[in-house]
Amino acid sequence: MDVNWDLIVAGGGPAGCALAAKVASTGARVLLLEKEDEPGRGLSWIVDVESTAFEAAGVPFPGDDACRPEPERAVLVSPVSGREVDLIPSPTTPIRNDIYVRQLARWARDSGAEIRTGRGVRGPLLEGDVVAGVNFTDADGTNRNVSAPIVADCTGLVGAVRHGTPSAWGLNMDVDFFDIVVARRDVRRLDVEAAARAVQEGLIENRVQVQGVSVHGGYSVEIYYMDLDQGYIDILIGAKPGPGIPTPDASFEKIFKRFPFIGEKIFGDGGAIPIRRTWDSLVGDGFLVVGDSACQVIPMHGSGTASALIAADLASKTISRALAEKRYDRAALWDYCYSFQSGRGALLAYYYALRLHADDMTSEDIDRMIRRGVLAAEDVHSGLVPEPFDPGPGILVKKFLKGILVLPLLFGFAKAGLRAEKLMKHYQRYPARYSPEELRSWVSRLPV
Ligand SMILES: Cc1cc2nc3c(=O)[nH]c(=O)nc-3n(C[C@H](O)[C@H](O)[C@H](O)COP(=O)(O)OP(=O)(O)OC[C@H]3O[C@@H](n4cnc5c(N)ncnc54)[C@H](O)[C@@H]3O)c2cc1C
């Protein structure tokens, strides 16, 4: 049994690799266990990441091999009438997730972390109610234990470690079915001649990113971008599972029928993303959750990479301090929890409240909101920055006048905005020190 590690990181996605690199660079002994044979395997989709996130999180910028071309133009398409709205250039950078994850894994290794692949973590090693390591399946199939005073669960939605933690921490639950979106993003080859004919016939546009919302009902997106010169099409489908809602795979089949010039996959993958607010607390004794495992995702559109990197940065600072002070309990790790929840977590909570409202809207409602200009390019842009909608009095009046014919929808949206503000403010007042009573009181006063 290994006993010399300071930190065990379970899961080598963006959160785990960034965390391992940062903590190892301080001289700590860090072991990262990844279930796949190499980091990034199974994660080969394009992610659009807030362009400011790399610097904010203090992580390397994606190398040239990870960067993807930015669309020259993007339009939002309403689901029923097909009305197009020109979008403001996106504040995000498209990158190939798997290549960037491998870059982060190299950074972690170069910083001194040990990465062992082909190791599936099964759960925490508990000493009483303290996480003291993990149990994992080794490359030869045997079950092993490995100890460390601090364990970080970065295994994404599966939460392989957190599920086995004491229930009093509130981290052992499944994410509700209701709070999950399933997505798939493929880049595929084209039959270029046939695709060019389709462009001439007006069936599809070249070098225009088409962002369809609520196309497959409720919370769903269908986004594609075709580049004839480069000979590829990039397609993203995301949908919250529900009655009558096709899976992304089924929606892909429909797109292949609609656009028969789409050929074989160059790269791409799919998976499930949690779209709820973060857990009430992100730490336990000897334990932290980071990234999708902590539900650190913008619930309105399922983007989690920037939050995972920012959380890894905050967690690394807390872990380094805890290791220096040799204190690993919940109170010692609280600073990470407080700084995330009261900052970025508050913004995610804001978008969670808006998402709950969007869940209740039909495709027809969304269509009317777009057609009337109540849901406009600036709203999409705010969500990607991300920042709370703050349109200012001029735009508010304009929206009100435009929205007069869809007044109930407008009021519903305004009410959801107020609820979102309330939840965001509640997160901003997250307890700064660990106290079970203060945490309980904070949870009991959650407005949503
Ligand atoms: C199709 C799709 C498109 C997306 N598009 C965007 C986007 O445009 N922008 C954006 O910001 N986000 C996007 N996301 C979400 C984003 O990919 C995630 O939020 C982000 O990857 C979370 O990082 P993570 O490190 O927390 O978890 P993950 O990326 O899920 O990494 C978890 C890692 O843990 C490993 N693991 C799992 N179980 C175990 C175990 N038991 N033992 C050991 N290792 C384990 C996995 O193999 C994986 O390497 C998208 C997701 C999908 C599915």
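Just so it is clear, none of the values below were taken in a lab; they were calculated from the coordinates. Note that the structure is a prediction, hence the values are computed from the model and not measured. Virtual Cβ from ideal backbone geometry, glycine too; neighbours counted across all protein chains shown.
The modelled label-to-label distance for the pair residue 26/residue 407, using points 7 Å beyond Cα in the direction of Cβ, is 5.8 nm. If the Kirkwood radius is taken over C-alpha pairs of region 349-428, then at 37 °C and 0.692 mPa s the Stokes-Einstein diffusion coefficient equals 254 µm²/s. A simple rule links phi to the HN-Hα coupling: the Karplus curve 6.51 cos²θ - 1.76 cosθ + 1.60 with θ = phi - 60°, which for region 162-177 gives 4, 4, x, 7, x, 5, 4, 7, x, 10, 9, 8, 7, 6, 4, 3 Hz, with x for Gly and Pro. For the chain, the longest principal axis of the C-alpha atoms and the axis of helix 392-402 are separated by about 40°. Multiplying the residue separation of residue 4 and residue 192 by 0.36 nm and subtracting their alpha-carbon distance yields 62.0 nm. You can think of it this way: the chain between residue 199 and residue 266 has 22.0 nm of extra reach, that is 0.36 nm per residue less the Cα-Cα gap.
Want the number for residue 400 to residue 81: 0.36 nm per residue separation, take away the alpha-carbon distance, what's left?
Full extension of this stretch gives 112.7 nm more.
Each label was represented as a point 7 Å from its Cα along the Cα-to-Cβ direction; for residue 387 and residue 414 these points are 2.3 nm apart. Helix-only arithmetic for the chain: the sum of -39500 (n - 2.57) across DSSP H runs with n ≥ 4, divided by the residue total, places the mean residue ellipticity at 222 nm at -11000 deg cm²/dmol.
When 54, 400 are sorted by how many other C-beta atoms sit within 10 angstrom of their C-beta, beginning with the fewest, the order is 400, 54. A simple spin-label model places pseudo-atoms 7 Å from Cα toward Cβ; at residue 38 and residue 129 they are separated by 4.4 nm. Close Lys pairs in the chain (alpha-carbon distance under 18 Å; sequence gap of 8 or more, or different chains): 9.
From the Kirkwood radius over Cα pairs of the chain, Stokes-Einstein at 25 °C and 0.890 mPa s returns a whole-number translational diffusion coefficient of 108 µm²/s. For region 437-445, backbone phi angles converted through the Karplus equation (6.51, -1.76, 1.60; θ = phi - 60°) give residue-by-residue couplings of 5, 5, 5, 4, 5, 4, 5, 5, 9 Hz, Gly and Pro being listed as x. Taking the chain as a Gaussian network of alpha-carbon nodes connected by springs under 10 Å, the highest mean-square fluctuation of the residues 155, 305, 117 belongs to 117. With a cut-off of 9 Å between beta carbons, the residues surrounding residue 43 carry a summed charge of -2, where Lys and Arg count +1 and Asp and Glu -1.
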